[in-house]
Number of protein chains: 4
Amino acid sequence: MKNVAVFGAGRIGRIHAGNLARLPGVSLKYVCDPFGDSAAQLAQQLGAQVATMDDALLDPSIDAVVIGSPTSTHSDLITRAAAAGKHIFCEKPVDLSVPRAVECGEKVRAAGVACMIGFQRRFDPTFNEVRRRIDAGEIGNPEMLVITSRDPGAPPVEYIKGSGGIFRDMLIHDFDVFRWILCGDGDEAAWLSATGSVLTDPAVGEAGDFDSTAVTIRTKQGRLCQINTTRRAAYGYDQRFEVLGSDGMLQAGNHAPSEVRQWDASGIRADKPEAFFLQRYAAAYRLEIEHFFECLQTGAAFRTTVHDGVKAQILADAAAESAASGQPVKL
Amino acid sequence: MKNVAVFGAGRIGRIHAGNLARLPGVSLKYVCDPFGDSAAQLAQQLGAQVATMDDALLDPSIDAVVIGSPTSTHSDLITRAAAAGKHIFCEKPVDLSVPRAVECGEKVRAAGVACMIGFQRRFDPTFNEVRRRIDAGEIGNPEMLVITSRDPGAPPVEYIKGSGGIFRDMLIHDFDVFRWILCGDGDEAAWLSATGSVLTDPAVGEAGDFDSTAVTIRTKQGRLCQINTTRRAAYGYDQRFEVLGSDGMLQAGNHAPSEVRQWDASGIRADKPEAFFLQRYAAAYRLEIEHFFECLQTGAAFRTTVHDGVKAQILADAAAESAASGQPVKL
Amino acid sequence: MKNVAVFGAGRIGRIHAGNLARLPGVSLKYVCDPFGDSAAQLAQQLGAQVATMDDALLDPSIDAVVIGSPTSTHSDLITRAAAAGKHIFCEKPVDLSVPRAVECGEKVRAAGVACMIGFQRRFDPTFNEVRRRIDAGEIGNPEMLVITSRDPGAPPVEYIKGSGGIFRDMLIHDFDVFRWILCGDGDEAAWLSATGSVLTDPAVGEAGDFDSTAVTIRTKQGRLCQINTTRRAAYGYDQRFEVLGSDGMLQAGNHAPSEVRQWDASGIRADKPEAFFLQRYAAAYRLEIEHFFECLQTGAAFRTTVHDGVKAQILADAAAESAASGQPVKL
Amino acid sequence: MKNVAVFGAGRIGRIHAGNLARLPGVSLKYVCDPFGDSAAQLAQQLGAQVATMDDALLDPSIDAVVIGSPTSTHSDLITRAAAAGKHIFCEKPVDLSVPRAVECGEKVRAAGVACMIGFQRRFDPTFNEVRRRIDAGEIGNPEMLVITSRDPGAPPVEYIKGSGGIFRDMLIHDFDVFRWILCGDGDEAAWLSATGSVLTDPAVGEAGDFDSTAVTIRTKQGRLCQINTTRRAAYGYDQRFEVLGSDGMLQAGNHAPSEVRQWDASGIRADKPEAFFLQRYAAAYRLEIEHFFECLQTGAAFRTTVHDGVKAQILADAAAESAASGQPVKL
């Protein structure tokens, strides 16, 4: 039995806590959150106790911590958990500063604990099936990737101000997908060009950010990737990509709440995609936590590590720099 | 906290046990199965105990039983559970004999316990969305229903011999869908014509059954329903229907394991539907058990009762009779 | 050069005239219609002359006639054209009376002229591709056929009164599709059951007809076919079928005016199907006329003959009888 | 009656000649091609005569010329036809040199003749429906455009050497689509970044060209466009785009030869897209020629002029420059 403490009882912490509480061989012991009410409510619902993070880290029966607290606390909590000898699952990103993220990775390595970073998209059944077919050679050599990544609406401007900007906050996932899907053989980004606009709300621009972006990456092997994003797609949450290979193409489509088609005078209508990330990636969140505990059990390597977090972060920094300067960045 | 005993530790019993064990406020106390090994394994996995059905029914702390044992035991177990004052969830069908099913319903009523029959399709998210839109008037008055119901392969002939025949074993679900979707306003079947063939395996015919059938039902209000079924669709499990209304049409499509499309020299390929009923109706099985306990909690009426079981059974009997005689049946 | 007279300058006559006027090696010489204005207008537009049918049949330079006049004139015109030694293309049906249609076929045979009946669906690119793949063995042995055949709206009741009823007027095409798709190896209908309702307009019932029907056919080899039709589908003209074989299934879908998808707050919307038969079967009408003249040129056999017209008619009569009596018909 | 000479009896000349020969009020008088055999064959097939271009231009009965000869001859032929007072339809591009194209436009204007440039995609029914809906306000303000433009296979390297490169030869159409779809209100490209790779055949690179490209354009109003192209998509000819607006999104999908779906053990398979541009844009080629003669008749303005040709050319030049230098270009 693995005993676990969850740090953070907000939206994402609740998802992870609920998922791990259902796993055989895993016991949720503590929920830790400075907002005691959230922690108490979640703990009660799942039969766990409330504790401070310090107390949880001091408890020798705790094997692992799952970090779902705000981004700004990640690297500090990882470092402390590593020092306490706990295994770590932490939501992306490791840190908005690449050097701090790198340092964090070194401390984890030195402590000899296992640390997984939560890029849940790598556990989505549709995205995984794409990866599996590429590995099986079904489209030959991957050559181009087009990612469409659109949120249904912008977060509050206050959030945007502290988010590190759209490239670090939103596209970080897309940069990881780029690495996972197009660079599976060790290829790497060599050249990146990004541009952005403010089209949905001037307040986004006043906060120093973009709401619409277009990124192009060329890899060392000459593969090409284009990413288009917006903070506001009127039709909802749009998470598609397509990868062209020498022998064919694979599309990863959206998931929908139902498979109903309505035929009437206005046309033939299918459902909009799942509303937002909690719905769209519900299975992925469940499977990534399963993966975390399975690897702890078997000693297998995690699919996504601090290294992946750092690599995605570097691309996000390059994109922010390119969009600001209007010039491409060499990597 | 509701304490529950599950009767039957086979394929469907395990599904129900696993689902109810995850519900807050519900405790799986006993697993009961004459095959002790299955019961022991399932009980251990879910932290329950093994008991005989008799002992479970004698335990006053047990609030409800969930019956997932073979069809031939259903009416007897329902009757005994009702006599013991337990609430009942029972897999369809109530009994292969309509009079016995009716009698069973009377005993349940007399005992004053609640009894739900498991027509899980009524809990499927896609099928429910169809029902919801009909209720919302989105297609006007429903007029025609076309059901495509195809299994990926025939069960063993030994199973077929004891199954009551394809109309009672397989189409029972489709007859319930017909009632639910096309007769929501109290309309009823008035005329039924069925025919069948043996096209996949002569052994099915030697066992006195069909493997391919075509059924037509006309309701009192003149609505029309056609159902086509086969025991063996080479491409898998096909569960679709479409309902035409005066203002439009609603299609309920299959669910697929992933939303990947592969484009290559042979065309553009989507996944086959989910493999079989356990995958296709995974959400439905979960939701129907939630519904059962929610209704026990709130006192609300079940969505599917012994009455529905009997009504579907009557249609199955009529179809068997029509296919045997070559003549339609008036209802 | 083949010289041609077109009989009938109405909707369907204009289609055929326009199509044949574009064929190399074919010259439209006469347009014949008792309504002189229509004939004159069509003749002028296509560089032809107006003539009476008698004069056209007397002109020895005329090789072939294309009959697109009202149904009630077909068998008489076929007979006269055959007697005049002209090759014949005639719109379905040959005659609403099966004996007269049979007699008509005998006269054609005796006269030694070639006569093709216009079941244009056999020339539709999508439907043909289904037939081609069945012939290529891609789904193994065909076992079941489900036809959805829905008009966008009922014709005037006056038309319905003279139409021979929905089975002879509308389903005649579906019966031909049944024979073409499911009986390609010489199999034949053995048993037919039909039922109908009046759901869209009581006036249809007062005219002695149905507007909604459900037909089931079982063939000698035990294959099953179900056909569902309505005169009024609120979403338009719906022309689909699917054929299940031992190794797979083929669906023939609708054609749409464009491949636009609109994603917005109400969902993801595709176009309705092509509006009605002139749009849906535009390519088919063109290809069937090409086929007619190609066969005249090469001496090859027509794909659809009086025999096919008679066979479809027999099924239509059986369906009308079955729907009236409530009993199946053996064939 | 408009009398017409077609210049060029190759692939595209034959398409235009065949289409215009079917138009009422239009007479194909001459086919002109230095390769006399092609001209003779086409002329005979369509009932026209063979002539030299000089003779055709000298014939006062000729109202218009349709130029489908090789790119290198376009500006010269336009200039000569304008000097001869003939109206002109010319295939894109006007000239591979922007200054020569501009000069050509000036001569046309000075001569007072009408000149249309053949960007046939603007006449495609699907693409037009997108434009129509944008104009109707169905997706609000257009903000982003993603174009997928992929050929089924590279042309011979000899062709590539004289083609002006992939941006001028292949993306010229995409640049016109960008202007048409995203800049309908007078907006214009402000910033362009392009990159390219050689992934399919080193010979392409040796010829100084790319086979795979990624282009990003930002407009003055901040709209974003991404274009991805390859010379070789293993699955065929892929011509899609999607335009995101403030209220929704419109996708223009591929057209397919049939609407057949095949369900079998390998999945559910739809047709590949139409094979190549002659099939995909068959309707568009027909409609653009109709438009040309309709405008000549009514005096209405053409939808695509030399100005549009020049504008697309400028973007192609900018893309070639950007891909060569690795730096964005300001426009």
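Here is the figure for the range B:234-275: residues that are more than 30 Å from C:Arg232 (Cβ to Cβ) and over 20 Å from the mean Cα position of the chain (by Cα) total 19.
Annotation note: of B:Ala324, B:Ala256, B:Ala318, the sole residue that is in the same structural domain as B:Asp238 (by TED's automatic domain parsing), free of Cβ contacts under 8 Å to residues at least 24 places away in the same chain and part of a helix (DSSP H, G or I) is B:Ala324.
Since B:Ala301 meets every condition but one in (1) more than 8 Å from every other protein chain (Cβ to nearest Cβ); (2) out of contact with any strand residue (DSSP E or B) (no Cβ under 9 Å at 6 or more places or on another chain); (3) within 30 Å of A:Ile134 (Cβ to Cβ), which condition does it not meet? Among (1) more than 8 Å from every other protein chain (Cβ to nearest Cβ); (2) out of contact with any strand residue (DSSP E or B) (no Cβ under 9 Å at 6 or more places or on another chain); (3) within 30 Å of A:Ile134 (Cβ to Cβ), the lone unmet condition for B:Ala301 is (3). Quick check on D:Tyr237: is it in contact (Cβ under 8 Å) with a residue 40 or more places away in the chain and not charged (D, E, K, R)? For D:Tyr237, the condition - in contact (Cβ under 8 Å) with a residue 40 or more places away in the chain and not charged (D, E, K, R) - is met. Scanning the range B:240-259 for residues that are more than 7 Å from chain A (Cβ to nearest Cβ) and over 20 Å from C:Met249 (Cα atoms) turns up B:Val243, B:Leu244, B:Gly245, B:Ser246.
When the residues of the range C:1-45 are filtered to those that are without any contact (Cβ under 8 Å) to a residue 60 or more places away in the chain and closer than 21 Å to C:Gly85 by Cβ, the one that is surrounded by the fewest Cβ atoms within 10 Å (Cβ to Cβ) is C:Met1. Of the set (1) under 22 Å from C:Ala283 (Cα atoms); (2) more than 21 Å from the chain's Cα centre (by Cα); (3) surrounded by fewer than 18 Cβ atoms within 10 Å (Cβ to Cβ), all apply to C:Ala83 but (1). Number of residues in the range B:131-181 that are of a type in the set (Lys, Arg), within 13 Å of another protein chain (Cβ to nearest Cβ) and assigned to a helix (DSSP H, G or I) equals 3.
Looking at the range A:220-228, is at least one residue in the same structural domain as A:Asp169 (by TED's automatic domain parsing), touching a helix residue (DSSP H, G or I) at 6+ places or on another chain (Cβ under 6 Å) and not in a strand (DSSP E or B)?
Checked against the condition, which is being in the same structural domain as A:Asp169 (by TED's automatic domain parsing), touching a helix residue (DSSP H, G or I) at 6+ places or on another chain (Cβ under 6 Å) and not in a strand (DSSP E or B), the range A:220-228 yields at least one hit.
Scanning the range C:189-208 for residues that are among the aliphatic types (A, V, I, L, M) and touching a residue at least 40 places away in the same chain (Cβ under 8 Å) yields C:Ala189, C:Ala190, C:Leu192, C:Ala194, C:Ala203, C:Val204, C:Ala207.
Considering only residues in the range D:229-239 that are among the hydroxyl-bearing types (Ser, Thr, Tyr) and part of a loop (DSSP other than H, G, I, E, B), the one that is farthest from the other protein chains (Cβ to nearest Cβ) turns out to be D:Tyr237. Restricting to the range C:193-203, and then to whatever is in contact with a Phe, Trp or Tyr (Cβ under 7 Å, 6 or more places away or on another chain) and over 10 Å from C:Ser322 (Cβ atoms), can you tell me which residue is farthest from the other protein chains (Cβ to nearest Cβ)? If we take residues in the range C:193-203 being in contact with a Phe, Trp or Tyr (Cβ under 7 Å, 6 or more places away or on another chain) and over 10 Å from C:Ser322 (Cβ atoms), then C:Val198 is farthest from the other protein chains (Cβ to nearest Cβ). The condition (being among the small types (Gly, Ala, Ser) and closer than 19 Å to C:His173 by Cα) is satisfied by just one residue among C:Gly326, C:Gly253: C:Gly253. Note on the range A:260-292: residues that are touching a residue at least 24 places away in the same chain (Cβ under 8 Å), within 11 Å of another protein chain (Cβ to nearest Cβ) and assigned to a loop (DSSP other than H, G, I, E, B) amount to 3. Checking each residue in the range D:204-228 for being within 9 Å of chain A (Cβ to nearest Cβ), of a type outside the set (Gly, Ala, Ser) and within 23 Å of A:Gly222 (Cβ to Cβ) picks out D:Thr213, D:Val215, D:Thr216, D:Ile217, D:Cys225, D:Gln226, D:Ile227, D:Asn228. Once the range C:158-203 is narrowed to residues that are within 22 Å of C:Thr73 (Cβ to Cβ) and surrounded by fewer than 19 Cβ atoms within 10 Å (Cβ to Cβ), the residue that is nearest to the chain's Cα centre (by Cα) is C:Ser163.
The values are calculated or read from the model by the stated rules, or taken from the named source; none is laboratory data. Keep in mind it's a predicted model, so treat the numbers as computed, not measured. Here Cβ is always computed from backbone atoms with ideal geometry, including for glycine, and neighbour counts include all displayed protein chains.
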